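As structure tokens, the structure follows; a few thoughts come after it.
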Amino acid sequence: MAHQLEIDSVSLQFGSRTILSDVYLKCETGKITGLLGRNGTGKSSLMNLIFGTLVPGNKSVRFDGQAVPKAYQHHELPKKGFLITDHMYQDVIDLANDLYVLAAEKVHLVKDISDLERLGYARSGR
């Protein structure tokens, strides 16, 4: 059975510094979802929010369309996440069904290398 995890309206601040602002992310079983971002953009913080080891100012988590206040305690979800970093952008784009990039406190859905170039993560080979 396919499942869907949605994270919506995530906001996180450390003191006066905004780390995440109104972030949305969707993951589905059977699909590969990637998350890229420069150091300090909030990748680990987002994963920690999803799995409950960090408390945000605001977040909405839904599992199969149902609100789950403490998603990390849901029996269908893993107990912790992991991040893989790789600078082989085209390979990552080709492999992932959905690739999200954290930039300027927002999450951007990337469909091709030009999206990464626009966000400043890859240089045009032209």
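Quick notes on this one:
- In a residue-by-residue description of the stretch 61-68, the property of being surrounded by fewer than 13 Cβ atoms within 10 Å (Cβ to Cβ), of a type in the set (A, V, I, L, M, F, W, C) and modelled with pLDDT of 55 or more applies to at least one position.
- Residue within the stretch 50-64 that is closer than 21 Å to Tyr121 by Cβ and within 14 Å of the chain's Cα centre (by Cα) present: no
- Thr41 being at pLDDT 80 or above, of a type in the set (Ser, Thr, Tyr) and under 15 Å from the mean Cα position of the chain (by Cα): yes
- Of residues in the stretch 22-57 being polar (S, T, N, Q) and more than 18 Å from Val110 (Cα to Cα), the one surrounded by the fewest Cβ atoms within 10 Å (Cβ to Cβ): Asn39
- Answer from Leu12, Leu5 - the residue that is crowded, with 16+ Cβ neighbours inside 10 Å, in contact with a Pro (Cβ under 9 Å, 6 or more places away or on another chain) and not in a helix (DSSP H, G or I): Leu12
The values are calculated or read from the model by the stated rules, or taken from the named source; none is laboratory data. Just so it is clear, the structure is predicted and the values come from calculations on it, not from any experiment. All Cβ positions, even for glycine, are placed from backbone atoms using ideal geometry, and neighbour counts span all protein chains on display.
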